[in-house]
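Notes for the one structure printed next.
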Amino acid sequence: ESASARRMKALILVGGFGTRLRPLTLSSPKPLVEFCNQAMVLHQIKALKGVGVTEVVLAVNYQPQTMATFLEKQQAELGIKITASQETEPMGTAGPIKLAEKHLNDGEPFFVLNSDVSCAFPFEQMIRFHKERGAEGTLLVTKVEDPSSFGVVLYDEDGRIRSFVEKPKHFVGNRINAGVYLLSPGVFDRIPMRPTSIEKEVFPPMANAGTLFCMELPGFWADVGKPKDYISGTSLFLGNLRATSPESLASGPNFHGNVLIDPTAQIGAGCRIGPDVVIGPRCVVENGVRLVRSTLLPGSRVKSHSWVSSSIIGWDSTVGEWARIENTSVLGEDVTIKNEVYVNGGVILPHKSVSEDISEPRIVM
């Protein structure tokens, strides 16, 4: 059936306070933090809308007013119903599915996504795959270099999952759960109304019953929930953009590799920008600036002759002239780095002014 004829539902697991992405999440709920010039959760909502999802439920355990306002605005703009399902106690990774059953259960399969995941969401293929196999659950798996800190999925040639190995000590496989699921409504009966882990308590019995399948994710995958991964995830996302819509990337003598620039940003003369740089709305980059593997969030400014590498510059922050920021430094909202200051792996809380070098990685309160 065509996407326009479908009326599917989806749940995005937003969860907690975004502690792994501090100091950015001190100013904004994590799903609203921009990733490649768009709120993280919007990448997912737009991809879901593209395959005919008409209602998206966000599972949250706190919902500040900013989030409610944002969701109302997006609901109107995208023409898709967006609701929040709020837990009163942390419900784990499966509990929120049970909690949102009244929104999700219309007798049809529904999507579940972890909110930190960035990939080229292959929802259309998942729907087909799920149907062809008569699956109760289909999860995406992705290949990783070092599977030891993940849950590894072991499966047959047709994708039927045999078992899961949590954080394996020895090599058993390198395909991991990518945090994107398509579930049939029977799954609601497998989840008790209490804090429950989908990975440990719900999926293993489904695998034992032979009703759980996995599909290999084509293309890139990133969990962008902490600064280091946000930065490497940006590189992967921009690489995918280069392959799918190269016209959206900047070109010209000052740009090297993949660079994404909002049309409202201003770039000075004699800069060298890229690879893997994102410059947000209303940003100002003055003359002779060097940017590499970094994101400038909206309204930030980098003054003349400064160097920013592998870092995130927060909203409305200012980097002074001849400064050097590198090594996964993260500036919160409205931070000021004075002229000629060196920041090496500094994590700087909102509204701070830094006038002395930070020569070893540390948090500036």
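The values are calculated or read from the model by the stated rules, or taken from the named source; none is laboratory data. Being a predicted model, the structure only gives us computed values, none of them experimental. Because the Cβ atoms are built from the backbone with ideal geometry, glycine has one as well, and the counts that use them run over all protein chains shown. Heads up: the accessible areas ignore ligands, DNA and RNA and are worked out on the full protein's heavy atoms, side chains in. Shrake-Rupley method; radii C 1.70, N 1.55, O 1.52, S 1.80 Å.
Out of Ala84, Ala10, I need the residue that is farther than 25 Å from Leu297 by Cα, open to solvent by less than 10 Å² (accessible area, probe 1.4 Å) and part of a strand (DSSP E or B). Which one? Walk me through how you get there before you give the answer.
Details: Ala84 fails: open to solvent by less than 10 Å² (accessible area, probe 1.4 Å).
Result: Ala10 is the single residue among Ala84, Ala10 that is farther than 25 Å from Leu297 by Cα, open to solvent by less than 10 Å² (accessible area, probe 1.4 Å) and part of a strand (DSSP E or B).
Taking strands (runs of 3 or more DSSP E) that fall entirely within region 306-353, which contain at least 3 residues that are within 25 Å of the chain's Cα centre (by Cα) and at pLDDT 95 or above? Give the derivation first.
Details: elements: 307-309, 324-326, 342-344, 346-348.
Because the criterion is at least 3 residues that are within 25 Å of the chain's Cα centre (by Cα) and at pLDDT 95 or above, the strands (runs of 3 or more DSSP E) in region 306-353 that meet it are 346-348.
Looking only at region 345-365, count every residue that is surrounded by 17 or more Cβ atoms within 10 Å (Cβ to Cβ) and at negative phi and tell me the total. Steps first, answer last, please.
Taking region 345-365 first, the residues surrounded by 17 or more Cβ atoms within 10 Å (Cβ to Cβ) are 345-350, 352, 354, 358, 364.
Subset that is at negative phi: 346-350, 352, 354, 358, 364.
Number of matching residues: 9.
How about region 25-35: which of its residues are in contact with a helix residue (DSSP H, G or I) (Cβ under 9 Å, 6 or more places away or on another chain) and either farther than 18 Å from Ala120 by Cβ or surrounded by fewer than 20 Cβ atoms within 10 Å (Cβ to Cβ) (or both)? Please lay out each step first, then the result.
Taking region 25-35 as the starting set, the residues that turn out to be in contact with a helix residue (DSSP H, G or I) (Cβ under 9 Å, 6 or more places away or on another chain) are 25, 28-35.
Scanning region 25-35 gives Thr25, Ser28, Pro29, Lys30, Pro31, Leu32, Val33, Glu34.
Which residues, counting only those in region 315-365, are touching a residue at least 24 places away in the same chain (Cβ under 8 Å) and among the aromatic types (Phe, Trp, Tyr)?
Trp315, the sole residue that qualifies.
Identify the residue in region 88-122 that is open to solvent by less than 40 Å² (accessible area, probe 1.4 Å) and part of a strand (DSSP E or B) and, among all such residues, is farthest from Val41 (Cα to Cα).
If we take residues in region 88-122 being open to solvent by less than 40 Å² (accessible area, probe 1.4 Å) and part of a strand (DSSP E or B), then Phe110 is farthest from Val41 (Cα to Cα).
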